[in-house]
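> Questions regarding the structure given below will be posed in turn.
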C-alpha cells in the first residue's frame, strides 16, 4: 500500500437510511453539519442515505415493479413518424 494517500481523520459517524429509518455507526471521513444522539448517549455526526443494504431490493429480496411497458409506449408515441 502506498504511504500518505489515505485520509487520517477517520471519526465515528452515524449513517441513517431515510427510506426505513435504520441507523448504523461506523468510522468515516464524510463531512456533516447535523448530529444525532446515538444509543450510547453520545452525539455523532449523521449522514443521511436514500438507500442502504436494509432497503435495497438486491439485499432484501423484494423486487420492485418497473413500468417498462408504459415507458416504451411513451417513447414510441413521442418519436413516432408523422
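The values are calculated or read from the model by the stated rules, or taken from the named source; none is laboratory data. This is a predicted model, so every value here is computed, not measured. Glycine gets a Cβ as well: all are built from the backbone with ideal geometry, and neighbour counts include every protein chain shown.
> Specify the residue that is modelled with the highest pLDDT; the eligible residues are those in segment 52-69 that are in a loop (DSSP other than H, G, I, E, B) and surrounded by 11 or more Cβ atoms within 10 Å (Cβ to Cβ).
Per the stated criteria, the residue is 52.
> Here's a follow-up. Among the numbered conditions (1) more than 25 Å from residue 11 (Cβ to Cβ); (2) at pLDDT 85 or above; (3) surrounded by 10 or more Cβ atoms within 10 Å (Cβ to Cβ), tell me where residue 73 comes up short.
(2)
> Right, another one. Report those strands (runs of 3 or more DSSP E) wholly inside segment 1-51 carrying at least 1 residues which are in contact (Cβ under 8 Å) with a residue 12 or more places away in the chain and under 16 Å from the mean Cα position of the chain (by Cα). Walk me through it before giving the result.
Values: elements: 11-17, 23-28, 35-37, 43-49.
Where strands (runs of 3 or more DSSP E) fall fully within segment 1-51 and carry at least 1 residues being in contact (Cβ under 8 Å) with a residue 12 or more places away in the chain and under 16 Å from the mean Cα position of the chain (by Cα), they are 11-17, 23-28, 43-49.
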